[in-house]
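Heads up: the structure comes next, in structure tokens.
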Amino acid sequence: MNKPFFTFTILILFCACAAFAGTDIEIYSQSAPVKNKNAKIDALEKRADMLVEDGQYLQAENIYKELANQKTSKKKKFIYNIKLGDLAELGGNYSLSLDYYKKAENLYKKNIDVKYKIGDILFKSNLYTLSENAFLDALDIDKNSNYAKMRLGDIYFSQNLYQKALERYASIDAYYYTAQIVSNTAECYKSAGKIDEALKAANDFLISNESPQIYFLSAVLYADKKMYKEAEEQFLRVVTLAPENFAARVYLAGIYLNDGDMDKAQENLDSAYKLNSSYCAIDLLYAQIACKKGKLYDARRYAHSAYMKAKSDFSKEQAQKLINFLKDKKTLKN
């Protein structure tokens, strides 16, 4: 029977907000003589930083706005606009964040850090061409910027421009490689049918890094090559480092099922079921185990359960095929 393919995406969203009482600005407006002005500004800056740490972003924002409106140095205005841009980004207001970063950029045209921030905001907003231009500007300032190279690779990868992405990723110093860069690089190779190159990228990274994400990637690539023993070894490393990895457990169950090791297949399926009982692939595998054991009633029950849980046409098709196979069977033999 066909093995299902699994894709897992994790989206993490963060946003925080609090009410502004106005007391800090009132203190500022009632400040003493000019000779104490710097001390009071320092105190307000520290207060704003503390508010940010406490997640009270709106209060911090109002302090920085007031400070930015004061007659102060170019450097200070730059810093305040960066702070305001960061706060707007934390609140998910990318348009406002970009406005503040642009104000900061106008103060220091050759500051590479603000180029990074502008590029990142544009990238998050799916404005790929504008984001690309920002990071190309960063490379004009520092041609060796690994961060700019990485983000350009990410921009091209997001648009399925895999060859251009590979070129940028390949230009990054190996020391700065992350699991995500390796994962994207492997996906670029895989999209071109270059499984060996994808596997090499993954395994080269694993020489000096223990990453459940890349062990999993390596295992799937070995499975694609039908090298199931190697795939098993990598999946076992995944569950050792990340026991909660549902997909690795399901894959292991499939490998053991094909090898005829029903006990290990059952063990990994049970672990996967505890992590996510709603996924139809588990019931499909349970049904196949029941088939192997000659348990017709259990096999039919799991097949129907898989069909009911299926969320995609492919999953429903696989479940229906199994239901049809079992429909006219009176007995099942090992």
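No lab work stands behind these numbers, since they all come straight from the coordinates. Since the structure is predicted, the reported quantities are computational estimates derived from the model, not experimental observations. Counting neighbours? That spans all protein chains shown, and the Cβs are built from the backbone with ideal geometry, glycine included.
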**Cβ-derived FRET efficiency at R0 41 Å, residue 36 paired with residue 173, nearest 0.05** = 0.25
**Message:** Between residue 244 and residue 270, what is 0.36 nm times their sequence separation minus the Cα-Cα distance? Round to one decimal in nm.
**Reply:** 8.1 nm
**Item:** Computed label-point distance, nm, for sites residue 160 and residue 329 using a 7 Å Cα→Cβ extension
**Value:** 3.9 nm
**Message:** Charges on Cβ only, +1 for Lys and Arg, -1 for Asp and Glu, centred on the Cα centroid of the range 243-334; of 278, 305, 255, which one is farthest towards the dipole's positive end?
**Reply:** 305
**Request:** Could you list the trypsin sites (Lys or Arg not before Pro) in the range 87-146 that lie in coil according to DSSP, counting only those with at most 15 other Cβ atoms within 10 Å of their Cβ?
**Result:** 109, 110, 143
**Message:** Let me check I've understood the local charge: for residue 140, count other residues with C-beta under 14 angstrom from its C-beta, Lys and Arg +1, Asp and Glu -1. What total comes out?
**Reply:** +1
**Prompt:** How far is it, in nm, from the label point at residue 304 to the one at residue 126 when both lie 7 Å from their Cα along the line to the Cβ?
**Reply:** 4.2 nm
**Message:** As a quick test, which of the pairs 37/83; 75/143; 225/295; 264/329; 40/74 have an alpha carbon distance above 29 angstrom in this structure?
**Reply:** 225/295
**Request:** Note down the relative contact order for the range 243-334 as a percent, whole number, built from C-alpha pairs under 8 angstrom at least six residues apart.
**Result:** 24 percent
**Request:** Any lysines with Cα under 17 Å of the residue 309 Cα? List them, leaving off those in the same chain fewer than 8 positions away.
**Result:** 3, 274, 321
**Message:** What does the charge count around residue 107 come to, taking other residues whose C-beta lies under 9 Å from its C-beta (Lys +1, Arg +1, Asp -1, Glu -1)?
**Reply:** +4
**Prompt:** According to the square roots a ≥ b ≥ c of the eigenvalues of the Cα gyration tensor, what is the shape class of the range 243-334, taking rounded for a/c under 1.5, prolate for a/b larger than b/c otherwise, and oblate for the remainder?
**Reply:** oblate
**Prompt:** What pairs from 46/103; 149/229; 200/311 go past 28 Å between their alpha carbons?
**Reply:** 149/229; 200/311
**Item:** Distance between modelled label sites at residue 65 and residue 258, nm, 7 Å Cα→Cβ extension
**Value:** 6.0 nm
**Request:** Just check the range 120-191 against the gyration tensor rule for me: Cα atoms, a ≥ b ≥ c as the square roots of the eigenvalues, rounded for a/c under 1.5, and otherwise prolate or oblate depending on whether a/b exceeds b/c.
**Result:** oblate
**Request:** At 0.36 nm per residue, minus the direct Cα-Cα distance, what do residue 312 and residue 278 gain on full extension? Give it in nm, one decimal, please.
**Result:** 10.9 nm
